[in-house]
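**Q** First, the structure itself, so that you have it in front of you.
Taken together, the values in this text are just the output of simple stated rules run on the coordinates, not laboratory data. Note that the coordinates shown come from a computational prediction; the quantities given were computed from them, not determined experimentally. Counting neighbours? That spans all protein chains shown, and the Cβs are built from the backbone with ideal geometry, glycine included.
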Amino acid sequence: MSIDALVSYAASKYGVPENLLRAVVQHESGGNPRAVSPAGAMGLMQLMPETAQTLGVSDPFDPAQNIDAGARYLRQQFDRFGDWTLALAAYNAGPGAVEAYGGVPPYQETQNYVKNVLATAGAGSVSFPAAGVAGAGRQLPSGGAGQEASGGLSVLKSLLMNSGDEFTESLPRVITARIEKAVRENYPQTKDKDSLVSSLLGALVKSAGSSVPAALMKRLQELGL
């Protein structure tokens, strides 16, 4: 199979947007299956030796193995962080760095990498206002509603973790207002913003309980959200 065909196959197999996967290959290796970085990363998707071993790659210079493993690893990062921007940051800098900074790490190399890959993929420009919200909301045009909602959840989590507000009865309204603002700013193309806000509040209660203070969780549940 050609490299193009391998990329298409792996993108379909792991549910990675094909335009994104092609952009990663381009920026990682320039399409050179024999590429080796000064740090020792190998092949089309520049797998580090330990990553290749963990993913069961016997020959990192084999295009089929390399692309399959790279796509699988990228998908793992998306499943972990719920956002393709953060998945790219984790692919470049490691998931530990993304977790440590609560977003795209403030490394110039990583920020340039994410911006350039997204631009090549056709995702447009992206800015990183702060580590806590750096990756929130930026989705690929072909991502669809499911990716939009998970990106919004990243916005929601970062707003909650960095709110600094006291937990009073008015806090749910404060949080709702912030979610509405985040939706307007991050998803200007979304027609039914009210439904997205509601879905994010529901996702908060169902999926983000461990990161939400008990008082806020109780109040949101009392409100039926």
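**Q** Select the helices (runs of 4 or more DSSP H) contained entirely in the range 1-95, then report the ones holding at least 1 residues which are within 16 Å of Thr110 (Cα to Cα) and under 21 Å from the mean Cα position of the chain (by Cα).
**A** 18-29, 63-81, 84-93
**Q** Could you run through the range 28-58 and say how many residues are surrounded by 21 or more Cβ atoms within 10 Å (Cβ to Cβ) and of a type in the set (Ser, Thr, Tyr)?
**A** Result for the range 28-58: 1.
**Q** Okay, moving on. Looking at the range 71-105, which of its residues are more than 22 Å from Ser37 (Cα to Cα) and surrounded by fewer than 18 Cβ atoms within 10 Å (Cβ to Cβ)?
**A** Gln76, Asp79, Arg80, Glu99, Ala100
**Q** Could you list, in sequence order, the residues of the range 29-62 that are under 20 Å from Gly96 (Cα atoms) and in contact with a Leu (Cβ under 7 Å, 6 or more places away or on another chain)?
**A** Passing the criteria: only Ala41.
**Q** Further, regarding this structure: Has the range 19-26 got any residue that is touching a residue at least 60 places away in the same chain (Cβ under 8 Å), farther than 20 Å from Pro95 by Cα and among the basic types (Lys, Arg)?
**A** yes
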